[in-house]
Amino acid sequence: MQRQLRILLAGVMVLAPLAVTVWIIWGVGSSLDQMGRNLFPGPDLPPGVGAAVVIVGIYLAGLLTHFWVFQGMLAGLDKLVARVPGVKTIYESVRDLLKLFGGDSARMGRVVRYKMPGGDMSMLAILTNEAPAGLDPSGPDGRKVAIYLPYSYMFGGITVFVSPENICEVDMPVERALKLCATAQVTPSSDDSSAKS
């Protein structure tokens, strides 16, 4: 019976990631398709046309950001939105999050190992700001840097302010560090980089 259970679990381990991936892609694709169809009500369009319209629209918006006239319009929109309480918070949070995870590792920060004071435990973190606004380096706590500690098996994490002496840089891309944190480093890998001394 134990052997049969192990075989069943092996099947789940193979099929579950594939099924979840297909389900998420199908859901996102269906949502985009419905959004595009709502833009053009009328004749019955073949499946996928609505999603294609939305993707082309997003691409064109990205293309426009390379022109200085459109950049000025975006700056004006930012200023306008910044005046509306509530809307400003949502807009800026989403914008900053997308900028952070937009694929530019230099913008995302650097991977560091945070050694907790008074113990031998350390955590993988992302150094997001070496001079956080609002923190006085000449204050009683001294200079602090901002690091982001991602949660395992969850989306999210916390930002903490720590002494620079308690961190050391790790030679690893941010995307890899986030993946390792998200999966609690369950899968061992021979190419995991070690911390710089």
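The values are calculated or read from the model by the stated rules, or taken from the named source; none is laboratory data. The model shown is predicted, which means the values in this text are computed figures rather than measured ones. Note that each Cβ is placed from the backbone with ideal geometry, even for glycine, and that neighbours are counted across all protein chains shown.
Residues considered: 111, 49, 145, 54. Of these, the only one that is of a type in the set (Val, Ile, Thr), at pLDDT below 85 and either within 20 Å of the chain's Cα centre (by Cα) or surrounded by 12 or more Cβ atoms within 10 Å (Cβ to Cβ) (or both) is 49.
Every residue, every condition in (1) basic (Lys, Arg); (2) in contact with a Leu (Cβ under 9 Å, 6 or more places away or on another chain), yes or no:
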site: 6; (1), (2): yes, no
site: 9; (1), (2): no, no
site: 25; (1), (2): no, no
site: 30; (1), (2): no, no
site: 56; (1), (2): no, no
site: 70; (1), (2): no, yes
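Test residue 75 against the stated conditions and say whether it is within 16 Å of residue 28 (Cβ to Cβ) and part of a helix (DSSP H, G or I). No, not satisfied.
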